[in-house]
1. For segment 144-168 and segment 75-113, what is the separation of their C-alpha centers, rounded to whole Å?
2. So if R0 is 30 Å, what FRET efficiency would residue 28 and residue 123 give, r being the distance between their Cβ atoms, rounded to the nearest 0.05?
3. Using the count of nearby Cβ atoms within 10 Å as a rough guide to exposure, how do 102, 154 rank from fewest to most?
4. Given a Förster radius of 30 Å and the C-beta distance between residue 19 and residue 88 as r, what FRET efficiency does 1/(1 + (r/R0)^6) yield to the nearest 0.05?
5. Of 93/210; 189/240; 152/243; 93/212, which sit over 29 Å apart, Cα to Cα?
6. Sorted from fewest to most neighbouring beta carbons within 10 Å, what does the list 29, 183, 157 look like?
7. Tell me the mean residue ellipticity at 222 nm calculated for the chain from its helices only (DSSP H runs of n ≥ 4, each -39500 (n - 2.57), averaged over every residue, nearest 500).
8. Taking the mean number of other Cβ atoms within 10 Å as a proxy for protection, how do you rank 87-95, 143-151 from highest to lowest?
Amino acid sequence: MILGYIYYLVPLIQILIAVHVIKTGRSWYWLWIVFGFPMIGAAVYFFVEILPDMRGQGIGGSWDNLLNDFVPGREFRHLQTAFEESDTVTNRKALAGYYLAHEEANKAVELIRGCLTGVFKDDPDVNLRYAAALVETGQFAEAQKILGELAKKHPTYYLSKRELLTAKCLENLGQESQALAAYEDYAGKNTADMEGWWLYGRLLEKSGQKEKARSIYLELLKKAKTVGSHHRRSQRVWVKAAKTSLKELLKAG
């Protein structure tokens with residue numbers, strides 16, 4: 001009887017792990033390990049990839065995130081229900097964060113804009129989130145204005161995030177030299193943030209400084225090898241972008 005349950009349970013575990021590998025951007029070599037060595041592979045994956053993340057999130061948060069990985073739409077339904085039941089600033093920010101992460105920035109803008117009233121009108125967290133949403137929707141002039149106000153009223157609040165958003169605004173408003181200086185300054189102070197490094201390299205490339213851009217991409221890829229696996233996964237979009245950019249630069253000669 002027990003062997004019968006195991007017979008059906010092992011393939012289910014393998015499928016769940018495969019879903020987790022793909023959704024979280026883990027290396028595909030895990031699929032070979034898990035399907036090649038069913039029970040041992042699954043155990044190794046749990047201890048190497050899942051358990052370290054769970055330790056950093058706490059038991060409740062880690063299981064919640066695992067369920068979100070495996071159940072499509074679960075996280076959105078939870079956030080949407082919480083917002084509908086209680087229209088608070090906290091619930092608005094949480095739902096807006098989900099929309100931003102899933103490329104629906106216009107919805108995030110509307111939600112955060114609704115927070116900018118009463119005691120939250122000048123709240124630095126709300127305003128920074130609003131600026132970030134505006135940048136994602138291409139409203140760079142408005143975002144730059146908000147970031148400028150934040151710099152005056154709360155000069156040290158999330159300085160690195162504010163500086164990156166400011167650099168993006170400068171670039172997209174056509175202020176190339178100021179943007180290059182802003183990216184260079186940001187990259188120097190935030191050595192592990194691959195997005196800032198890639199954006200800096202891309203703008204260098206656009207401005208004709210191809211050799212310098214190449215060195216930035218190479219430095220980004222070098223840094224990606226030295227950071228922890230969790231951080232590397234969170235930055236994988238920019239690592240992939242740097243590899244593509246570098247390949248195209250080498251092709252062009």
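1. The two parts, judged by their Cα centres, are 23 Å apart.
2. 0.10
3. Ordered from fewest to most neighbouring Cβ atoms within 10 Å, 102, 154 come out as 102, 154.
4. 0.35
5. 93/210; 152/243; 93/212
6. The fewest-first ordering by Cβ neighbours comes to 29, 157, 183.
7. Value at 222 nm, helices only: -24500 deg cm²/dmol.
8. The peptides rank, most packed first, as 143-151, 87-95.
Every number in this text was worked out from the coordinates using simple rules, so none of it is lab data. Keep in mind the model is a prediction, meaning the values are calculated, not measured. Don't worry about glycine lacking a Cβ; one is built from the backbone with ideal geometry, like all the others, and counts go over all protein chains shown.
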